[in-house]
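K.L.:
This is the structure, below, for whatever I ask next.
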Amino acid sequence: MIIDPWSSTTYQDYARLRDEFGIEEFNTKLWKDLPNPHKLLRRGVIFGHRDFHLIKDFIQNKKPWAILTGLMPSGKMHLGHKMVIDEVIYYQSLGADTFIAVADLESYGTRGYSLEETKKLALEEYILNYIALGLKPERCRIYYQSKNQDVKDLTFLLGKKVNWSQMVATYGFNGSTNMTHIMSPLIQTGDILHVQLEKYGGSKPVLVPVGVDQDPHIRLSRDIAQSHRLFNVTKTKDNKIGVFLKVDKNIIKLLDEAELILKKLKFKKLKRITEYKAIYIEDANENDIQKINLEFAQNESKLGGYGFIQPSSTYHRFMTGLTGEKMSSSKPESAIFLTDTPKEANKKINQAKTGGAITLEQQKKEGGKPDQCVIYELFLYHLIEDDKELQSIYLACKNGQKMCGNCKKYANELMGKKLDDLEKQRKIAEKKFNLYL
């Protein structure tokens, strides 16, 4: 199975995706102890993760960590795009060092937009809305891929350990794929990993919230991060905890440094086997691996390496378009855009697919199907904050006590207020625009 990050395919079998690609389930234990957990976390919209436990640990212990997201400036911003920035705003409120990449090079390479077109779209459709939604631009770094030399340098340097076979296996590229398209995943890896360079604070956990269609980029970034480490900290097949040097230069010096690091961590029973480039830690257990790995990562830049910590990720469910297919900027009838007027949104909501029965009588008798209803998704993802109110609507629909017309009317009321408020906030943000961009 290959996931295409640039297709319009909607992936719905989330359990299969988790199993096939090694994505872990995002369960209640991961979010319940977070401050004021966001509704997307509470309601199961975030269904999977990679290494989120590391992010949670840094949040709870108030240690520095970062969040990175990218925006593809290739169309108008709609409610499907809003989910990721909602997450970013939440994590920014918890202290995340926030980075936002404008993927202008990727848009040029995969969507055919000029750099000038992408700049206009990014500013007017995305960044302005981000600020209107609550992003604090003074507390984040917003940049264009085409203008960030660190990202472009890493794209070239990190690509040394990626071969064509890996790109074909990950993305399904073939002989007709143009080279700019082929380079775009490496540019995204540069985006994700550059935030761990010394000038941005050094090695630290980085969270990248995405839809599952972007998982190939996450896997590639994690593979590249690990392949550029000087040391590998792991449990062996015979259940020993070891630190293994991955390079063939300065072996004695680097193993000496590794011993110093381990002694600093208060490990005393060390067995060094220089010919294997290994140090076994006899008084460590599996629970110590994360601590040891982080300490080595944060020291590797002083030893001539990058010290990248593999990026963490969360995966959200796709929001169904109003027509029942994927929400898309290229199909205006399928999406509510953040710049729509309440009247335009009203028309789309009234024509939206619902989970109601064929007749009113049948729905009263058999109940509706909120799990198959686009209007209920609007409540779930965007319009209703109170979980008890949402549950009440869900049960009333299932029991045949609430009709689709009533839900559409309520959705129109809530959406109208939200769009009016966004318009006001955009005007306020415009006055401050040049301060940040």
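The values are calculated or read from the model by the stated rules, or taken from the named source; none is laboratory data. This one's a predicted model, so the numbers in the text were calculated from it and none came from an experiment. Ideal geometry is used to build each Cβ from the backbone, glycine not excepted, and the neighbour counts take in all protein chains shown.
K.L.:
In the range 124-155, how many residues are without any contact (Cβ under 8 Å) to a residue 24 or more places away in the chain and not acidic (Asp, Glu)?
P.N.:
Residues in the range 124-155 being without any contact (Cβ under 8 Å) to a residue 24 or more places away in the chain and not acidic (Asp, Glu): 2 in total.
K.L.:
Name the residue, out of Gly159, Gly201, that is small (Gly, Ala, Ser) and at positive phi.
P.N.:
Step by step, each of Gly159, Gly201 is checked, and only Gly201 is small (Gly, Ala, Ser) and at positive phi.
K.L.:
List pairs: first residue in the range 211-224 and among the basic types (Lys, Arg), second residue in a helix (DSSP H, G or I) anywhere in the structure, Cβ distance under 8 angstrom, at least six positions apart or on different chains.
P.N.:
Arg219/Phe21; Arg219/Thr170
K.L.:
Name the single residue that is nearest to Leu322 (Cα to Cα) among those in the range 357-396 being of a type in the set (Val, Ile, Thr) and at pLDDT 90 or above.
P.N.:
Per the stated criteria, the residue is Val374.
K.L.:
Working carefully through the options Lys269, Lys240, Lys235, find the one that is in contact (Cβ under 8 Å) with a residue 40 or more places away in the chain and farther than 21 Å from Gly307 by Cβ. Give the derivation first.
P.N.:
Working: Lys269 fails: in contact (Cβ under 8 Å) with a residue 40 or more places away in the chain; Lys235 fails: farther than 21 Å from Gly307 by Cβ.
None of the other options fit; the residue is Lys240.
K.L.:
Looking at (1) of a type outside the set (A, V, I, L, M, F, W, C); (2) more than 25 Å from Leu193 (Cβ to Cβ); (3) crowded, with 19+ Cβ neighbours inside 10 Å, which one does Gly112 not meet, given that it meets all the others?
P.N.:
(3)
K.L.:
Counting just the residues of the range 19-65 that are over 15 Å from Leu94 (Cα atoms) and aromatic (Phe, Trp, Tyr), which one comes out surrounded by the most Cβ atoms within 10 Å (Cβ to Cβ)?
P.N.:
Out of the qualifying residues, it is Phe26.
K.L.:
Here's another thing I want to ask about it. Helices (runs of 4 or more DSSP H) wholly in the range 335-401 with at least 1 residues that are without any contact (Cβ under 8 Å) to a residue 12 or more places away in the chain, out of contact with any His (no Cβ under 6 Å at 6 or more places or on another chain) and charged (D, E, K, R) - which ones?
P.N.:
The helices (runs of 4 or more DSSP H) meeting that bar are 342-350, 360-366, 387-398.
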